[in-house]
Amino acid sequence: MKSLAERPENPVVGVSVAHEHAADHATGTALYTDDLIVRHQNVLHAWPLQAPHAHARVTSLDVAPALEVPGVVRVLTAEDVPGVNDAGIKHDEPLFPSEVMFYGHAVCWVLGESLEAARLGAEAIEVQYEPLPSLITVREAIAADSFQGRQPTVSRGDVEIGLANGTHRFSGEFEFGGQEHFYLETHASLAYVDEGGQVFVQCSTQHPTETQEIVAHVLGLDNHDVTVQCLRMGGGFGGKEMQPHGFAAIAALGATLTGRPVRLRLTRNQDITLSGKRHPYLAEWDVAFDDDGRLQALRATVTSDGGWSLDLSEPVMQRTLCHIDNAYWIPHVEVNGRIVKTNKTSQTAFRGFGGPQGMLVTEDILGRCAPLLGLDPTELRARNLYVSGQSTPYGQPVRHAERLAEIWNQVHQRADVRERRRDIEEFNATHTDTRRALAVTPVKFGISFNLTAFNQAGALVHVYKDGSVLINHGGTEMGQGLHTKMRQVAATALGVPLETVRLAPTRTDKVPNTSATAASSGADLNGGAVKNACEQIRDRLAEVAARKFNIHPDDVRFVDGKVTGIGFHDRDMPFAELVHDAYFQRISLWAAGYYRTEGLHWDADRMQGEPFKYFSYGASVSEVEVDGFTGAYRMLRTDIVHDVGDSLSPLIDIGQIEGGFVQGAGWLTLEELRWDDSDGPSRGRLTTQAASTYKLPSFSEMPEEFNVHLFEKATESGVVYGSKAVGEPPLMLAFSVREALRQAAAAFGPEGHSVELASPATPEAVFWAVQDARRALADDGAKRPLASGRGRSDDGASQPPASRRDRAASSATGVSAGEAASTEATSAEARSTSAAEDSPDATAATAR
Amino acid sequence: MSEIRLTINGHERGFAGVNPHTRLLDFLRDQGLTGAKEGCAEGECGACAVLVARPDGDDRTRWTSVNACLPPAVAFDGQEVVTAEGLGTAPGPRGPGQLHPVQREMATRGGSQCGYCTPGFVCAMAAEYYRPERTPSDDTHGEKSGTEVQGEEHSAAHECGPNGFDLHSLSGNLCRCTGYRPIRDAAYALGEPEETDLLRRRQEQPAPKPSYTRIDTATTRFVRPATLDELFNHLDEAPDVRLVAGATDLGVEVNIRHVRPPLVLAVDRLDELRTLNVSDDHIEIGAALSLSEVERGLAGRVPLLDQLFPQFASRLIRNAATFGGNLGTGSPIGDSAPVLLALDTSVVLASKGKEREVPLAEYYTGYRESVRRPDEIIRALRIPLPLANHAAFYKIAKRRFDDISSVAVAIAIQIDDAASITSARIGLGGVAATPIRAREVEETLIGQPWTRETAVNAAAVMAQQGTPIDDMRASSRYRSAMLEQSLLKFWAQEQPAQAQEVSR
């Protein structure tokens, strides 16, 4: 068992087990950070003063009236910071700002005996602002040349030659929305100076080490003066990778200044208006295909909206560029990335970390171009899938590319695609006001932190004299089942039953210098470290057992809580007895484990290298039904085949796949972040800042039939017990929903109609796509040479509202020559191109 | 008097010094019952759901799931509350544990990931588990055949389990992790409560009586009057008196807008506001009955209301919210007003010793303003009988379950034997400062044959109704388009043999 991937006899990994705390969840006894306050005396509560300006200078701040409010204990301001007044790692995020950078920016924090007192205190504070000009939309920021961070380019081949040689050339734009994490548990910290004189911070954080570091630098302390514990999170999704640090620092600052525990828990409105989200993007692209629909070249500029500070925007953009190919071979590529600085929340990590945005650009291109190429979109996708021997634009060989085709074929069979396509055609032929469609999309996702140094992890494993096991590792639990998997890894490595392994909460004084639980890497990295620690102990125990059995230590076996030797059928001893013996032989029964991912290298300047340990693959088939009256839709059925290697924990992995899929579908269909980009007094305000206006998927968005299959015989060598990461990749399986909606809308129109679909594809967005398709059909019938325009200008209604501009659908100029004349919003986006007219198919489509 | 008494998870005790604005959620959490969580503070996510013992007729109790984040704790004086902690226990240092069947199904089927929403799901699911009308069906459709589902109007199939579990009972619970499939599986796997189940047996006893609570603090008061007369006596005692039944609207104001009314009067247990009478010429619905109570009490008597109920917020909200509250708050996007307008409903306004009836169509005078005088309350609604023979309700929203409408359209037309329209009432929400009747459209329809041409003509007029705005939910164009489309859809759905949703 020298290989990381090899599994011993009767492994506990691979067995379906419920989440280790499922019973505690269901009985309400699982504790989250904010549940701990009832266990403390004299807790103070924190409430922020949020500025009502998108951009303004704070010209005066009078906190005295707050101190008059009964129950207000203290107001925290910049003057109180003994260390560095900064909440981030880039030193561009003042914890207490003198310049308000976004609507709702917290200027100072009030501590009260009750939340009510703190809230009243915040309302009493007198602040004067000098409003400054603000940038809200991506386009405003581009126009103002407001960029931040690096502007990397990933390239291969010669994109000019590739574009010139392609026989079908299209260009277009696509602007799409971000996503609020909406973890059910909002940001929460509880800080106090503990009985040992340390600053102790209970925090809902995916990155306890960095929370510790930021708290320390704000307080002017060393890292060893601060301990951060994360019991569990009520969801993270990337939103608690960087964002908790400042809130933890506020609580810790309050605790050190008052000597009392300070609790900071954001309300939902505060959480949505204060914390960062998935980046919205604007993509401008040129693409060329050959006569068979094979991608020849892609040139693009993708611009993300980073918000007011850099946060993780640079690595997010790197991952976008490293995933713009999704699962497709593109010989000539040149993609530029840039990040605008706007007066919005500082956008951050969110499941997929920029990867989904890159992949969405290409899936959108394929979905729009397929009708213009005269190809079925599924066929177009299939023709372009990577095959063995090819490599990504950044130079990494696509290992196991053959799995893409296998998965593709499997999901077709499992979903009964051929027969259902016939059913759909029949349905559509017999229904006037409803259309169904089915789409198939692939996923290829690179696993590892792009930044090589983060690919390391530690663990601490104790075996007690009675044979019970306690493990600690650097990863955090946010519902993804990491702790469950780690217990299974430890039980497997030590050959003991799962029940004998307990896991202790994640804290920085147990395992130091950890990486964030992010990038889907939690199980790979921490699993490697836990396994390493367990194996150190097991090897020592093997020596003890070998002496007892009079065999070579390599021949000792640990299975199901018993210790025996190769070929022994009649002799074994309980694990606990061996442990007991080992103690009396003065053998150490605990170990610190360590793991680093081998074989990575990445040159961020050249955007070349092999940043990923491996790729995760998957494909999904989704069928939707669209109501032509309203644009409302239903998700009828989704089938998924996904590659998680040899699953460590199948119930957990299927949960991640289903949950990721639905979350992705939410991003692409329902979830809409609308910012006030008018020139009114609430410019910059997020108008969807509550559960009543920002709609998450509910039961009504779950596919009515939902089948997930784990790709079989999928051992991933070089990863703990042959498994693969699962956290992020399934989110992108939801592209099939968006593409099915596009195709259903197209089914209201004539053959070859290319549908542009806004993202998110809300019922309203789908309705307009349906109206476009119907109009195209009517125009087709009338044999008019050119489409006169699109629904937005045609039906006698006013211009699209200004507030929709930053999320308006894009336009591919290959699609409709009439476009440019249509509306303000779309004409601003339309760009002329000549290549499209060279394509007979495109010309035909233009002349619909 | 400032003490309240509550029975929480079977233990009764008194609590002194509870502020009238302390929500039930915070009150429970302060007792160490931290299973119920705050996820949104506006009754949208259900992480705070608990069970309350509510009357089910005079001699039975019904375990009713409600959001704890909205109502004040003092409103539960004398009542019985069960939280996730009270349903069952997990194994641990304190013992082997005993999970409630709902908890067991959720835990073993992967129904929880991060677990934060789980206690709320468990409570909502438990209420449905104990629902007396829940009966298993032989019907197994919907389990494995998404493609058989025919569309919105035929959608009920997969939303009801083989065990009779109504998935809409969970429409007010959000989960961000699982994608819901395992939660649905858990719900549909539930059997019948055992005969010995204490909560089941509790349902066979009468519900706790209301306590006539009176809490005074320096800045605010909460009073639950025992009689209507007592209520009227309090009405002018403070400048901003707020009546509260389910607190599903006031609770949001308290939480989000930091509203702190000086006097809150609880009306939800006053008998005069809890009538439900069907006579020959009208139906009277008490203003303080919960929507769930009305739904059960009418038992399908008003089909248009049956279209409304599943689309009105969520079960958690409907278990507390009332028609009186929805009309009283006067929001132009409230979902009940369009339907009630189409039903030609009148509002019964009561003041001390007097009552008057005002047609709902004449009730609103402006944005959240009405003809109701400060000394009046909405006591009941009256829906005239007979009902129109063709009716439909269309709620246009982003999400099918539990969303606020962008536009709501209710249509009720009477078609005579000659297929001619003899009366028409159309109520609209979301297109003006108040809910409105689409009078012009009605006039276009009345006297016309019910044909596609009539529908198309009326739809064109419909598109011009109101003055819809652009906001975060929809554009004004979409709203206007939806007005038009709703009539076209109504016509299409009225065509029995049309090539629409017919099983193949």
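Derivation of every value follows stated rules applied to the coordinates shown; laboratory data play no part. Note that the coordinates shown come from a computational prediction; the quantities given were computed from them, not determined experimentally. Please note: Cβ atoms are built from the backbone with ideal geometry, for glycine as well, and neighbour counts cover all protein chains shown.
Testing the spin-label approximation: label points 7 Å from Cα along Cα→Cβ at A:Ala592 and A:Asp679. State their distance in nm.
6.2 nm
So which GluC sites (Glu not before Pro) in the range A:165-267 pass both tests, a DSSP loop state and at most 12 other Cβ atoms within 10 Å of the Cβ?
A:Glu195
Which GluC sites (Glu not before Pro) from the range A:1-64 combine a DSSP loop assignment with at most 12 other Cβ atoms within 10 Å?
Answer in residue order: A:Glu6, A:Glu9.
Once you wrap a convex hull around the alpha carbon atoms of the range A:116-159, what is its projected area averaged over all directions, in nm²?
7.0 nm²
If you consider only alpha-carbon coordinates, what radius of gyration and Dmax does the range B:352-439 have, in Å?
16.0, 49
Assuming a viscosity of 0.890 mPa s and a temperature of 25 °C, what translational diffusion coefficient in µm² per second does Stokes-Einstein assign to chain B, Rh being the Kirkwood radius over Cα pairs?
Result for D is 103 µm²/s.
Taking each residue of B:101-113 in turn, how many C-beta atoms of other protein chains fall within 10 Å of its C-beta, and what is the average?
Mean shielding count: 6.
May I ask you to derive the relative contact order of chain A, considering only C-alpha pairs under 8 Å and at least 6 residues apart, and to give it as an integer percent?
15 percent
Contact order normalised by length for chain B, with contacts defined as Cα pairs under 8 Å and 6 or more residues apart; what percent is it?
Computed over chain B, the figure is 12 percent.
Does anything in the range A:257-282 have its amide N under 11 Å from the 7 Å Cα→Cβ label point of A:Glu123, and if so which residues?
Inside the label zone: nothing.
Using the Kirkwood radius over Cα pairs, work out the Stokes-Einstein diffusion coefficient for the range A:487-624 at 20 °C and 1.002 mPa s, in µm²/s as a whole number.
Taking Rh from Cα pairs, D becomes 120 µm²/s.
Largest first, please: the extent of the C-alpha atoms of chain A along each principal axis, to the nearest Å.
Sorted largest first, the three principal extents are 93, 77, 48 Å.
Summing Lys, Arg as +1 and Asp, Glu as -1, what charge do residues with Cβ under 12 Å from the Cβ of A:Leu460 carry, A:Leu460 excluded?
+1
Taking a spot 7 Å from the Cα of B:Glu204 along the direction of its beta carbon, which residues of the range B:100-140 have an amide N less than 15 Å from it?
Residues B:132 fall inside that zone.
For Cα pairs less than 8 Å apart in space and 6+ apart in sequence, what is the mean separation divided by the residue count of the range B:277-384, i.e. the relative contact order in percent?
Relative contact order, the range B:277-384: 33 percent.
So for the pair B:Ala419, A:Leu257, with labels modelled 7 Å out along Cα→Cβ, what separation do we get in nm?
7.8 nm
Given R₀ = 35 Å, FRET efficiency for A:Ala64-A:Phe147 by Cβ-Cβ distance, to 0.05?
0.30
Along each of its three principal axes, how wide is the spread of alpha-carbon positions in the range B:1-208, in whole angstrom units, largest first?
60, 40, 38
What Kirkwood hydrodynamic radius do you get for the range B:277-384 when you take the inverse of the mean 1/r over all pairs of distinct Cα atoms, in Å?
By the Kirkwood definition, the hydrodynamic radius is 14.0 Å.
Amide H neighbours of A:Arg74 under 5 Å, at least 5 residues apart or on other chains, H built in the peptide plane: list them.
Here the answer is A:Leu111, since their amide H atoms fall under 5 Å of that of A:Arg74.
Hey, how many Å between the Cα centroid of the range A:570-636 and the Cα centroid of the range A:669-710?
Centre-to-centre (Cα) distance: 30 Å.
PRE reach from A:Ala778 (point 7 Å along Cα→Cβ): which of the range B:454-477 fall under 18 Å by backbone N?
B:454-464, B:477
For the range A:366-474, run through the trypsin sites (Lys or Arg not before Pro) and keep only the ones in DSSP coil with at most 13 other Cβ atoms within 10 Å of their Cβ.
Those that pass, being in a loop and sparsely packed, are A:Lys465.
Just want the ordering: B:Tyr367, A:Tyr464, from fewest to most Cβ atoms lying within 10 Å of their own Cβ.
With the sparsest Cβ surroundings first, the list reads B:Tyr367, A:Tyr464.
Per DSSP H run of n ≥ 4, the term is -39500 (n - 2.57); total these for chain A, divide by its residue number, and report the mean residue ellipticity at 222 nm rounded to 500 deg cm²/dmol.
-9000 deg cm²/dmol
In whole angstrom, and with the biggest value first, how far do the Cα coordinates of the range B:390-494 range along each principal axis?
44, 26, 21
Could you work out how much longer the chain between B:Thr365 and B:Thr329 gets when fully extended? Use 0.36 nm per residue separation minus the Cα distance between them, nm to one decimal.
Contour length minus the Cα-Cα distance gives 11.7 nm.
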